[in-house]
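The values are calculated or read from the model by the stated rules, or taken from the named source; none is laboratory data. Note that this is a predicted model, so its numbers are computed, not measured. FYI the Cβ positions are ideal-geometry reconstructions off the backbone, even for glycines, and counts take in every protein chain you see. Heads up: the accessible areas ignore ligands, DNA and RNA and are worked out on the full protein's heavy atoms, side chains in. Shrake-Rupley method; radii C 1.70, N 1.55, O 1.52, S 1.80 Å.
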Amino acid sequence: VREWATDVDTTKRIVKTAGGRTFTYDKLVLSPGIDLKYAGIEGYSKEASAIMPHAWQAGSQTLLLRSQLEKMKDGGTVLLAPPNNPYRCPPGPYERACMIAHFLKTRKPKSKLVIVDPKKAFSKQAVFIEAFERHYKGIIELNLTNDIDDFSVVRVDTKTRTVVTKAGKTIVADVANIVPNQRAGEIAHKAGCAEGDWCPVNLDNFSSKRVANVYVLGDATSVPTEMPKSAFTANSQAKVVAGDILFEVLKKEKFPARYRNTCWSMVAPDASIKVGGNFVPKDGKWETSGNFVSKIGEDAAMQKANFEESLGWYSGITADIFAKVDPLVAKKKA
């Protein structure tokens, strides 16, 4: 059923859709992703994002950001404002920075990219900064918050295309990519699964801590910070949830919950860096193992291998999610 879920009644166990249909459930799995907290920035709103796109929910916003970059004059200023923790895809803003910087370097070399970050540190920071220096020196200006200056965006003006930070820095941007702070998708709040911005879950099966017979997975969850809001972890969580439902409903064998993350970030053509690790729940916390992160000084061959590995993962996870079957495999089975 491909319809937009608009409401949940967890007492009657009913889900309503935009098409006017109603579905009952024994078990409900919510994976609504994120919503954006526009109100946290003066002058920013859903309407303002049509001028200063966030592009953190794909589709028209992504295309708008691309179009603005293509139309910008050479010598223009692009501003990127990442959100504060936690948010969808921790390394995402800095991978985007590399992509935008590469576009500027090859298409609009007189332009620059200014990053104003409310955080003091970010995911894969050392290798990203190395990539900024190696590939985009003189193009990217990184402003990280420190003990003196806070580079959180506090105000925007879409008419003048001005962005003001808490540190008092004012930037007039030809293109402003404003990514606001985030919270769980609205349907999770309607279902009563949220506590504040995010949804607390039991780590051994990602069942809601607030509502019976409901699971929440992916970006909407509130989990210890070691596990990032990434596609890899969401897929890992989904398999644990599916196993738990099989155990509960069909009395299938139950296996211990194990989760994993790997995240690749492109820094240049055919070059990626990565981070990852394993997670096992223990006493309401994560017991981590096998943690790894790309190191400073990796050569082009290593980063190309990382990139090719990411392509293999993407092919595999899309086949896994959408149940694509290789025609040759299907023919052999037949």
Legend entry - Criterion: of a type outside the set (K, R), surrounded by fewer than 12 Cβ atoms within 10 Å (Cβ to Cβ) and in contact with a strand residue (DSSP E or B) (Cβ under 6 Å, 6 or more places away or on another chain) - qualifying residue of S315, S289: S289
Inset, instruction - Might you let me know whether the stretch 167-178 holds any residue that is over 25 Å from the mean Cα position of the chain (by Cα), at negative phi, open to solvent by less than 20 Å² (accessible area, probe 1.4 Å) and among the aliphatic types (A, V, I, L, M)? - result: yes
Legend entry - Every residue from the stretch 140-153 that is surrounded by 17 or more Cβ atoms within 10 Å (Cβ to Cβ), among the β-branched types (V, I, T) and over 14 Å from Y94 (Cβ atoms): T145, V153
Inset, instruction - Could you please give the count of residues in the stretch 292-313 that are over 24 Å from E226 (Cα atoms), of a type in the set (D, E) and either modelled with pLDDT under 80 or part of a helix (DSSP H, G or I) (or both)? - result: 1
Inset, instruction - Kindly indicate the residue of the stretch 240-263 that is closer than 14 Å to F279 by Cα and at pLDDT below 95 and also surrounded by the fewest Cβ atoms within 10 Å (Cβ to Cβ) among those meeting that condition. - result: P256
Legend entry - Subset tally (residues that are open to solvent by 100 Å² or more (accessible area, probe 1.4 Å) and under 28 Å from the mean Cα position of the chain (by Cα)) for the stretch 1-22: 4
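Go through the stretch 34-44 and give me each residue that's among the small types (G, A, S) and loosely packed, with under 15 Cβ neighbours inside 10 Å.
Going residue by residue through the stretch 34-44, those that are among the small types (G, A, S) are 39-40, 43.
The one that is among the small types (G, A, S) and loosely packed, with under 15 Cβ neighbours inside 10 Å: A39.
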Inset, instruction - Select from the stretch 210-247 the residues that are touching a Lys or Arg at 6+ places or on another chain (Cβ under 7 Å) and in a loop (DSSP other than H, G, I, E, B) and list them in ascending order. - result: N213, P224, K229
Inset, instruction - Determine, yes or no, whether K137 is over 30 Å from V214 (Cα atoms), among the basic types (K, R) and either buried (at least 18 other Cβ atoms within 10 Å of the Cβ) or without any contact (Cβ under 8 Å) to a residue 24 or more places away in the chain (or both). - result: yes
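Would you say E186 is more than 19 Å from the chain's Cα centre (by Cα) and either over 22 Å from I321 (Cα atoms) or open to solvent by less than 10 Å² (accessible area, probe 1.4 Å) (or both)? Talk me through it step by step, then tell me what you get.
Working: more than 19 Å from the chain's Cα centre (by Cα): no; either over 22 Å from I321 (Cα atoms) or open to solvent by less than 10 Å² (accessible area, probe 1.4 Å) (or both): yes.
No, not satisfied.
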Legend entry - Pair list, Cβ under 6 Å, 6 or more apart: the stretch 117-132 residue hydroxyl-bearing (S, T, Y), other residue open to solvent by less than 50 Å² (accessible area, probe 1.4 Å): S123/P90; S123/P91
Legend entry - Pair list, Cβ under 6 Å, 6 or more apart: the stretch 225-248 residue of a type in the set (S, T, Y), other residue outside any loop (DSSP other than H, G, I, E, B): S230/N261; S230/C263; T233/N261; S236/Y259; S236/R260
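Residues are listed down the side, and each one gets a yes or a no for (1) within 19 Å of Y94 (Cβ to Cβ); (2) modelled with pLDDT of 90 or more; (3) part of a loop (DSSP other than H, G, I, E, B); (4) of a type in the set (D, E, K, R):
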residue	(1), (2), (3), (4)
V267	yes, yes, no, no
F279	no, yes, no, no
G290	no, yes, no, no
S315	no, yes, no, no
D320	no, no, no, yes
V325	no, no, yes, no
K332	no, no, no, yes
